[in-house]
Amino acid sequence: MSSTHDAGGTSSPASLRELLPVPGRVDVDPAEAYAYPPVSDRPWVRANMVASADGGAIGPSGRSRDLSSAPDRRIMGVLRGLCDVVVVGAATARQEGYRPVRPREVWERLRAGRPATPRIAVVTRSLELDDALLETAPEDARTIVFTVADAPIERLERVSAHADVVIVDDVSVRPAHIVRALAERGLYRVLTEGGPHLLGEFVAAGLLDELCLTTSPRLLGVGSPRIVAAPPPAAGEAGHLSQENVPLRLAHLLENEGNLFARYVRE
(Lines give C-alpha, C1' and ligand atoms only; values in the text may rest on other atoms or scores of the structure.)
Protein backbone atom coordinates (compact mmCIF):
# COMPACT_ATOMS: atom_id res chain seq x y z
CA MET A 1 0.00 0.00 0.00
CA SER A 2 1.09 3.57 -0.31
CA SER A 3 2.51 5.31 2.72
CA THR A 4 0.37 8.02 4.29
CA HIS A 5 3.17 9.76 6.17
CA ASP A 6 3.54 13.44 5.28
CA ALA A 7 2.18 13.21 1.75
CA GLY A 8 3.52 16.32 0.04
CA GLY A 9 2.11 18.74 -2.48
CA THR A 10 2.47 18.99 -6.23
CA SER A 11 5.95 20.45 -6.47
CA SER A 12 8.09 18.18 -8.62
CA PRO A 13 10.61 16.01 -6.77
CA ALA A 14 14.13 17.26 -7.50
CA SER A 15 15.62 15.64 -10.58
CA LEU A 16 12.57 13.48 -11.27
CA ARG A 17 13.62 11.99 -14.58
CA GLU A 18 11.86 9.89 -17.15
CA LEU A 19 13.27 6.50 -18.15
CA LEU A 20 10.35 5.52 -20.39
CA PRO A 21 8.90 6.35 -22.86
CA VAL A 22 11.28 9.34 -23.33
CA PRO A 23 14.62 8.32 -21.79
CA GLY A 24 16.59 11.11 -20.17
CA ARG A 25 13.87 13.75 -19.91
CA VAL A 26 14.31 15.58 -16.59
CA ASP A 27 12.20 17.82 -14.36
CA VAL A 28 9.09 15.86 -15.24
CA ASP A 29 5.88 17.48 -13.99
CA PRO A 30 4.16 14.71 -12.01
CA ALA A 31 0.77 16.44 -12.21
CA GLU A 32 1.01 16.16 -15.99
CA ALA A 33 2.45 12.65 -15.95
CA TYR A 34 -0.33 11.32 -13.70
CA ALA A 35 -3.27 13.28 -15.09
CA TYR A 36 -6.52 11.30 -15.13
CA PRO A 37 -8.17 10.60 -18.47
CA PRO A 38 -11.31 12.63 -19.26
CA VAL A 39 -14.29 11.66 -17.11
CA SER A 40 -16.40 9.00 -18.84
CA ASP A 41 -19.52 7.04 -17.88
CA ARG A 42 -17.92 5.38 -14.85
CA PRO A 43 -15.17 6.18 -12.35
CA TRP A 44 -11.53 5.59 -13.29
CA VAL A 45 -9.97 3.50 -10.52
CA ARG A 46 -6.27 4.05 -9.89
CA ALA A 47 -4.23 2.26 -7.22
CA ASN A 48 -1.11 3.70 -5.62
CA MET A 49 1.14 1.18 -3.89
CA VAL A 50 4.75 0.89 -2.76
CA ALA A 51 6.87 -2.27 -2.71
CA SER A 52 10.46 -3.24 -2.00
CA ALA A 53 12.85 -4.31 -4.76
CA ASP A 54 12.09 -7.95 -3.87
CA GLY A 55 8.32 -7.43 -3.98
CA GLY A 56 7.42 -6.94 -0.32
CA ALA A 57 4.62 -4.55 0.61
CA ILE A 58 4.88 -4.30 4.41
CA GLY A 59 7.98 -3.20 6.32
CA PRO A 60 9.30 -4.38 9.69
CA SER A 61 6.94 -2.10 11.64
CA GLY A 62 3.91 -3.65 9.93
CA ARG A 63 3.34 -0.53 7.84
CA SER A 64 4.13 0.49 4.29
CA ARG A 65 5.73 3.75 5.41
CA ASP A 66 8.94 1.78 6.12
CA LEU A 67 9.34 1.62 2.34
CA SER A 68 8.47 5.22 1.62
CA SER A 69 10.76 8.19 0.97
CA ALA A 70 10.52 11.90 0.31
CA PRO A 71 10.12 11.38 -3.49
CA ASP A 72 7.44 8.74 -2.89
CA ARG A 73 5.52 11.04 -0.56
CA ARG A 74 5.67 13.87 -3.10
CA ILE A 75 4.25 11.61 -5.82
CA MET A 76 1.57 10.46 -3.40
CA GLY A 77 0.70 14.10 -2.72
CA VAL A 78 0.21 14.70 -6.44
CA LEU A 79 -2.00 11.62 -6.80
CA ARG A 80 -4.15 12.76 -3.88
CA GLY A 81 -4.36 16.27 -5.27
CA LEU A 82 -5.62 14.91 -8.60
CA CYS A 83 -8.25 12.52 -7.25
CA ASP A 84 -11.82 13.05 -6.02
CA VAL A 85 -11.73 10.31 -3.39
CA VAL A 86 -9.20 8.05 -1.65
CA VAL A 87 -10.55 4.53 -1.04
CA VAL A 88 -8.95 2.40 1.66
CA GLY A 89 -9.69 -0.72 3.66
CA ALA A 90 -10.36 -0.29 7.38
CA ALA A 91 -7.38 -2.40 8.46
CA THR A 92 -5.04 -0.24 6.40
CA ALA A 93 -6.67 2.93 7.74
CA ARG A 94 -5.98 1.74 11.30
CA GLN A 95 -2.44 0.47 10.69
CA GLU A 96 -1.30 3.51 8.73
CA GLY A 97 -3.06 6.09 10.91
CA TYR A 98 -5.32 7.60 8.24
CA ARG A 99 -6.78 11.06 8.78
CA PRO A 100 -8.78 13.35 6.49
CA VAL A 101 -6.54 14.75 3.76
CA ARG A 102 -5.14 18.18 4.58
CA PRO A 103 -5.48 20.99 2.00
CA ARG A 104 -2.38 22.26 0.22
CA GLU A 105 -1.90 25.62 -1.45
CA VAL A 106 -0.14 23.95 -4.37
CA TRP A 107 -3.30 21.93 -5.09
CA GLU A 108 -5.33 24.99 -6.11
CA ARG A 109 -4.80 24.56 -9.85
CA LEU A 110 -5.43 20.81 -9.64
CA ARG A 111 -8.66 21.14 -7.69
CA ALA A 112 -10.28 24.13 -9.38
CA GLY A 113 -14.05 23.75 -9.11
CA ARG A 114 -13.75 20.95 -6.56
CA PRO A 115 -13.43 20.81 -2.75
CA ALA A 116 -9.97 21.74 -1.47
CA THR A 117 -9.29 18.12 -0.51
CA PRO A 118 -10.38 14.68 -1.74
CA ARG A 119 -12.70 12.65 0.44
CA ILE A 120 -11.59 9.51 2.27
CA ALA A 121 -13.78 6.42 1.73
CA VAL A 122 -13.30 3.50 4.11
CA VAL A 123 -14.54 -0.06 3.59
CA THR A 124 -15.40 -1.79 6.86
CA ARG A 125 -17.71 -4.50 8.24
CA SER A 126 -16.92 -3.88 11.90
CA LEU A 127 -17.00 -0.04 11.81
CA GLU A 128 -13.90 0.03 14.01
CA LEU A 129 -12.64 3.43 12.90
CA ASP A 130 -10.59 6.14 14.55
CA ASP A 131 -12.71 9.07 15.69
CA ALA A 132 -10.31 11.55 14.10
CA LEU A 133 -10.91 10.09 10.65
CA LEU A 134 -14.63 10.75 11.05
CA GLU A 135 -14.86 13.90 13.13
CA THR A 136 -12.17 16.14 11.62
CA ALA A 137 -13.14 15.91 7.94
CA PRO A 138 -14.31 19.20 6.37
CA GLU A 139 -18.02 19.46 5.66
CA ASP A 140 -17.51 19.53 1.88
CA ALA A 141 -15.28 16.43 2.01
CA ARG A 142 -16.92 14.25 4.65
CA THR A 143 -15.56 10.77 5.12
CA ILE A 144 -17.55 8.06 3.34
CA VAL A 145 -17.97 4.72 5.12
CA PHE A 146 -18.97 1.59 3.22
CA THR A 147 -20.40 -1.16 5.39
CA VAL A 148 -22.99 -3.98 5.44
CA ALA A 149 -26.50 -4.24 6.84
CA ASP A 150 -25.49 -6.38 9.82
CA ALA A 151 -22.80 -3.94 11.04
CA PRO A 152 -22.90 -3.29 14.82
CA ILE A 153 -25.82 -0.90 15.39
CA GLU A 154 -24.14 1.09 18.19
CA ARG A 155 -21.12 1.83 16.04
CA LEU A 156 -23.33 2.56 13.05
CA GLU A 157 -25.10 5.32 14.96
CA ARG A 158 -21.79 6.86 16.04
CA VAL A 159 -20.29 6.72 12.55
CA SER A 160 -23.46 8.07 10.90
CA ALA A 161 -23.28 11.19 13.07
CA HIS A 162 -20.00 12.25 11.47
CA ALA A 163 -19.70 10.50 8.08
CA ASP A 164 -21.72 9.63 5.00
CA VAL A 165 -22.56 5.95 5.41
CA VAL A 166 -23.30 3.63 2.49
CA ILE A 167 -24.94 0.39 3.65
CA VAL A 168 -24.65 -2.50 1.21
CA ASP A 169 -27.35 -5.16 1.26
CA ASP A 170 -24.92 -8.03 0.80
CA VAL A 171 -22.58 -10.21 2.87
CA SER A 172 -19.66 -7.93 2.00
CA VAL A 173 -18.87 -4.64 0.30
CA ARG A 174 -17.75 -5.39 -3.23
CA PRO A 175 -15.85 -3.13 -5.66
CA ALA A 176 -18.95 -2.79 -7.84
CA HIS A 177 -20.86 -1.37 -4.86
CA ILE A 178 -18.07 1.13 -4.24
CA VAL A 179 -17.72 2.28 -7.83
CA ARG A 180 -21.48 2.67 -8.27
CA ALA A 181 -21.92 4.69 -5.05
CA LEU A 182 -18.99 6.97 -5.89
CA ALA A 183 -20.40 7.64 -9.36
CA GLU A 184 -23.75 8.60 -7.80
CA ARG A 185 -21.86 11.22 -5.78
CA GLY A 186 -19.97 12.55 -8.80
CA LEU A 187 -16.65 11.12 -7.60
CA TYR A 188 -15.11 9.79 -10.81
CA ARG A 189 -11.38 10.15 -10.15
CA VAL A 190 -10.79 7.32 -7.70
CA LEU A 191 -7.51 6.56 -5.91
CA THR A 192 -7.26 3.40 -3.84
CA GLU A 193 -4.31 2.99 -1.48
CA GLY A 194 -5.07 -0.59 -0.50
CA GLY A 195 -4.43 -2.57 1.43
CA PRO A 196 -3.51 -5.70 -0.47
CA HIS A 197 -6.88 -7.41 0.19
CA LEU A 198 -8.95 -4.51 -1.11
CA LEU A 199 -6.68 -4.16 -4.13
CA GLY A 200 -7.05 -7.88 -4.77
CA GLU A 201 -10.82 -7.48 -4.84
CA PHE A 202 -10.64 -4.67 -7.40
CA VAL A 203 -8.31 -6.74 -9.57
CA ALA A 204 -10.58 -9.81 -9.39
CA ALA A 205 -13.64 -7.70 -10.19
CA GLY A 206 -11.98 -6.27 -13.30
CA LEU A 207 -12.44 -2.72 -11.97
CA LEU A 208 -8.82 -1.62 -11.55
CA ASP A 209 -7.91 0.64 -14.46
CA GLU A 210 -4.43 1.71 -13.42
CA LEU A 211 -1.61 0.83 -11.03
CA CYS A 212 0.90 3.42 -9.86
CA LEU A 213 3.71 1.43 -8.27
CA THR A 214 6.69 2.81 -6.39
CA THR A 215 9.60 0.36 -6.20
CA SER A 216 11.70 1.23 -3.17
CA PRO A 217 15.46 0.48 -3.25
CA ARG A 218 15.22 -1.86 -0.27
CA LEU A 219 15.16 -5.60 0.36
CA LEU A 220 12.70 -7.02 2.90
CA GLY A 221 13.51 -10.70 2.58
CA VAL A 222 11.16 -13.62 3.14
CA GLY A 223 7.77 -13.13 4.77
CA SER A 224 6.50 -9.74 3.63
CA PRO A 225 3.14 -9.88 1.79
CA ARG A 226 2.75 -8.67 -1.78
CA ILE A 227 0.78 -5.58 -2.81
CA VAL A 228 -2.15 -7.80 -3.91
CA ALA A 229 -3.66 -10.49 -1.69
CA ALA A 230 -6.84 -12.53 -1.69
CA PRO A 231 -9.06 -11.66 1.29
CA PRO A 232 -10.59 -14.34 3.48
CA PRO A 233 -14.22 -15.11 2.53
CA ALA A 234 -16.87 -13.10 4.36
CA ALA A 235 -19.55 -14.80 6.44
CA GLY A 236 -21.89 -16.66 4.12
CA GLU A 237 -19.32 -16.89 1.32
CA ALA A 238 -17.23 -19.84 0.28
CA GLY A 239 -13.80 -19.94 -1.30
CA HIS A 240 -11.40 -17.18 -2.22
CA LEU A 241 -10.97 -14.87 -5.16
CA SER A 242 -9.72 -16.58 -8.27
CA GLN A 243 -6.25 -15.94 -9.61
CA GLU A 244 -6.15 -13.23 -12.25
CA ASN A 245 -3.83 -12.58 -15.18
CA VAL A 246 -4.47 -8.99 -16.16
CA PRO A 247 -2.33 -7.55 -18.99
CA LEU A 248 -0.98 -4.06 -18.33
CA ARG A 249 0.68 -1.41 -20.48
CA LEU A 250 3.60 0.56 -19.04
CA ALA A 251 2.57 4.20 -19.55
CA HIS A 252 5.71 5.65 -17.98
CA LEU A 253 8.68 4.90 -15.75
CA LEU A 254 10.22 7.70 -13.66
CA GLU A 255 13.16 7.69 -11.25
CA ASN A 256 14.31 9.77 -8.29
CA GLU A 257 16.88 8.92 -5.60
CA GLY A 258 16.84 5.25 -6.62
CA ASN A 259 13.04 4.97 -6.38
CA LEU A 260 11.22 3.83 -9.51
CA PHE A 261 7.75 5.19 -10.26
CA ALA A 262 5.87 3.03 -12.76
CA ARG A 263 2.43 3.81 -14.09
CA TYR A 264 0.66 0.78 -15.55
CA VAL A 265 -2.65 1.02 -17.41
CA ARG A 266 -4.91 -1.97 -18.04
CA GLU A 267 -4.96 -3.04 -21.65
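Where the only charges are on Cβ atoms (+1 Lys, Arg; -1 Asp, Glu), what is the dipole of the stretch 87-157 about its Cα centre, to the nearest 20 debye?
On the way: 11 positive and 12 negative charges, 91 e Å.
So the magnitude is around 440 debye.
Starting from 0.36 nm per residue, how many nanometres of slack lie between Ala183 and Leu20 once their C-alpha separation is accounted for?
Numbers: separation 163, 0.36 × 163 = 58.68 nm, distance 3.27 nm.
My answer for the length gained is 55.4 nm.
Around Val148, which amide H atoms from residues at least 5 apart in sequence, or from another chain, sit under 5 Å from its own amide H, with H modelled in the peptide plane?
Excluding prolines and chain starts, which carry no amide H, the hits are Val168.
Run the accessible area of the stretch 115-267 with a 1.4 Å probe and give the carbon-and-sulfur part as a rounded percent. Don't skip to the answer; put the middle values down first.
Working: 3720 of 7260 Å².
Carbon with sulfur: 51 percent of the solvent-accessible area.
When the dipole is taken about the Cα centre of the chain, and only Lys, Arg (+1) and Asp, Glu (-1) are charged at their Cβ, what size is it in debye, to the nearest 20? Can you show the working numbers first?
Working: 30 positive and 35 negative charges, 87 e Å.
About 420 debye.
Quick check of the Kirkwood formula: for the chain, what is the inverse mean of 1/r over all pairs of different Cα atoms, in Å? List each step's numbers first, then the result.
Working: mean 1/r = 0.0533 Å⁻¹.
About 18.8 Å, per the Kirkwood formula over Cα pairs.
Could you report the accessible area of Met76 in Å², rounded to 10, computed with a 1.4 Å probe on the protein chains as they sit in the structure?
0
Would you mind computing, in nm to one decimal, how far apart the modelled labels at Ser61 and Ile167 are, each placed 7 Å from Cα along Cα→Cβ?
For the pair Ser61/Ile167, the computed spacing is 3.8 nm.
Using Cα atoms only, what is the angle between the long axis of helix 175-184 and the major principal axis of the chain, expressed in degrees (0 to 90) to the nearest 10?
Helix 175-184 and the main axis of the chain meet at about 90 degrees.
Using a probe radius of 1.4 Å on heavy atoms only, what accessible surface per residue do you get for the stretch 27-139? Whole Å² is fine. All intermediate terms of the calculation are to be shown ahead of the outcome.
On the way: 4440 Å² over 113 residues.
Per-residue accessible area for the stretch 27-139 comes out at 39 Å².
Could you state the angle between the C-alpha long axis of helix 70-82 and the longest principal axis of the C-alpha atoms of the chain, as a value from 0 to 90 degrees rounded to the nearest 10?
Helix 70-82 and the main axis of the chain meet at about 60 degrees.
Kindly identify the stretch 96-217 as rounded, prolate or oblate by the Cα gyration tensor criterion: order the square roots of the eigenvalues as a ≥ b ≥ c, call it rounded if a/c is under 1.5, otherwise compare a/b with b/c, prolate if a/b is larger, else oblate. Mind dumping the intermediate values first?
Numbers: a/c = 1.58, a/b = 1.13, b/c = 1.39.
Oblate shape, in that a/c is at least 1.5 and b/c is the bigger or equal ratio.
What ranking of Glu135, Glu267, Glu96 comes out by heavy-atom accessible area, probe 1.4 Å, highest first? Present the calculation step by step, with values, prior to reporting the outcome.
Working: Glu135 100, Glu267 140, Glu96 0 Å².
Order by accessible area, largest first: Glu267, Glu135, Glu96.
So which trypsin sites (Lys or Arg not before Pro) in the stretch 138-239 are both in a DSSP loop and have at most 10 other Cβ atoms within 10 Å of their Cβ?
Details: sites: Arg142, Arg155, Arg158, Arg180, Arg185, Arg189, Arg218, Arg226; in loops: Arg142, Arg185, Arg218, Arg226.
Passing both the DSSP loop test and the Cβ count: no residue.
Rounded to the nearest 10 Å², what accessible area does Tyr188 show when all protein chains are kept and the probe is 1.4 Å?
60
Looking at the stretch 28-153 from every direction and averaging, what is the projected area of its Cα convex hull in nm²? Walk me through the numbers on the way to the answer.
Details: hull surface 39.7 nm².
Result: 9.9 nm².
The values are calculated or read from the model by the stated rules, or taken from the named source; none is laboratory data. As the structure is a prediction and not an experimental result, all values here were calculated from the model. Glycine also receives a Cβ, built like all others from the backbone with ideal geometry; neighbour counts cover every protein chain displayed. Keep in mind that these areas ignore ligands, DNA and RNA; they rest on the heavy atoms of the full protein, side chains included. Shrake-Rupley method; radii C 1.70, N 1.55, O 1.52, S 1.80 Å.
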